[in-house]
Structures are given as structure tokens and as C-alpha cells.
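One structure is given here, and the rest of the page talks about it.
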Amino acid sequence: MADKHPHPHESEVEREFELERMILFSDAVFAIAITLMVIDVKWPDIPGNLKGVDFDKLLHPTIIQFIIFVISFAFVGRAWKVHLRLFRQLRTYDQRLLNFNLLFLFFIVIFPFTASGMFAHTQAGFVYPFLFYMFNVSAVGITDFLIARYIFRIRPGLSVRGQEEEKKFILIRAKFNAMAATLAFIIMFLVAISYPGNTDNVAYAFCAYPILVFISNRRVRKFKPKTTTS
């Protein structure tokens, strides 16, 4: 059964130490996920005789892999920055928050798996790597919003006192990010159903995500506290 309140017999120092351990564990998961993603980016097999080799064709898969890695690195890095800013507001924690955080980290740690699908298994007629990748992105956004909502709306006693504008901004940004990612996944899923096996259309639908993120960031900007960093 989840703890609804911090244990009163634990000292403030013990509680801060446990909270720090949770944050360090989260940071380690982010670092491992990013490191594992780059392992799948490999140089192609270079033939011994380079005469007549089409280097554009030879390097094309590696270039695509690297582009996907850069996109994934940027997303996971941004998720880490958002997570760090959110957890700065924590004063203590409870069992339910731990569970929410573990669920969030689960979707972070499977990023190397979904990214590897984009690296090596995208081909004509096989759209699942795109769908799994976008589902992963949306799941990260949704669980981040659930954590922010739990801390600031359901259990506000877990957060530090004051800084209400900062808390409001974090919650609103998490909500809009989750909506953008989820809507992008829905669009991609509908395209995949409407055009079965058409990998190009599904890949083009992926472009909806950065567009929706740009729009949501524009909407959220007006809530950003002037005294804080991004």
C-alpha cells in the first residue's frame, strides 16, 4: 500500500538523502539511455577496393542513423532538463511519486530499443518502428505530466513552499508537451491505417510532432516566469 505521507520518525536529513538518491538514480537512467542509443550508430563495412564505390549509397544508412540519434539525443536531453527543473521543486516524496517516476524512467530507458528500430528496421511496407518510436515519445510526455500534476495538484505538500508561478509554468508546459506528443502519435497512427504499408506517408506524418511542439511552446511561453531559465 502506498505511503500517503512522509514518515514522521524520519529526520529531515534522512529524507533529503533519500530524495537525492532518487534524483541521482533518475540521472543515471538518462545517461545510460543516451549512451546506449549511440552504440547502434555504426560505420558501414568499407570494401578493400574503393574503386567504383558509390559513397553516397554506402554512407546513406549511417547518415540516417546519425540523424535519428541526434533527434533522439535532443529529445531525451530535453526530457532530462524538464525532469531536473520539476524535481527542483520537491521537498519530499512518497511511494506513489516513486512509482510515477519509475514509470517515467521506464519509457526513457526503452528509447534505445525504439530508436534502434528506426536505425535498422525501417523499410518499405513496415511502419511499426515509426509507430513504436512516436508512442515512446508520447508516453514520456504523458508520464511527465502525471508526475507534475501529482506534485503540484494532488499532493502539493511534496513541493517546496512558494514559487507558484514557476510551478504553474512547469505544469502547463508538461500538459502541452504531452498533448503535442499524443496528438502527433494519433496523426501518425491514423495515417498508418489510412495508407497501409506506405512508409513514406507515415514518415512525413512524423513531421507533425516538431510542428506541434513549436506551436505548444509558443502557447506556453506567456506563462514562463521572467526570472527563471528554460
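All of (1) assigned to a helix (DSSP H, G or I); (2) more than 24 Å from A115 (Cβ to Cβ); (3) modelled with pLDDT under 85; (4) not polar (S, T, N, Q) hold for H7 with one exception: (1). Only helices (runs of 4 or more DSSP H) whose full extent lies in segment 135-230 are considered here, and the ones with at least 3 residues that are of a type in the set (V, I, T) and modelled with pLDDT under 95 are 164-194, 208-220. For the criterion of being within 28 Å of I64 (Cβ to Cβ) and crowded, with 17+ Cβ neighbours inside 10 Å, V109 fails. A192 satisfies every condition listed in (1) out of contact with any helix residue (DSSP H, G or I) (no Cβ under 7 Å at 6 or more places or on another chain); (2) touching a residue at least 40 places away in the same chain (Cβ under 8 Å) except (1). For segment 10-23, filtered to residues that are of a type in the set (A, V, I, L, M) and under 18 Å from R96 (Cα atoms), the residue that is modelled with the lowest pLDDT is L19. Pairs meeting the criteria (first residue in segment 129-142 and within 12 Å of L103 (Cα to Cα) and in contact (Cβ under 8 Å) with a residue 60 or more places away in the chain, second residue in a helix (DSSP H, G or I) and aromatic (F, W, Y), beta carbons under 6 Å, at least 6 apart or on different chains) are V140/F107. When you check K175 against the structure, is it among the charged types (D, E, K, R) and in contact (Cβ under 8 Å) with a residue 40 or more places away in the chain, yes or no? Judged against the criteria, K175 is not a match.
Just to be sure, is F87 touching a residue at least 60 places away in the same chain (Cβ under 8 Å) and within 16 Å of the chain's Cα centre (by Cα)? So F87 fits the description; yes. In a residue-by-residue description of segment 154-176, the property of being closer than 30 Å to T62 by Cβ and among the small types (G, A, S) applies to no position. Looking only at residues of segment 120-134 that are surrounded by 16 or more Cβ atoms within 10 Å (Cβ to Cβ) and farther than 20 Å from S216 by Cβ, we find that the one that is modelled with the highest pLDDT is F132.
The values are calculated or read from the model by the stated rules, or taken from the named source; none is laboratory data. Only a predicted model underlies this, so the values are computations on that prediction, with no experimental measurement involved. All Cβ positions, even for glycine, are placed from backbone atoms using ideal geometry, and neighbour counts span all protein chains on display.
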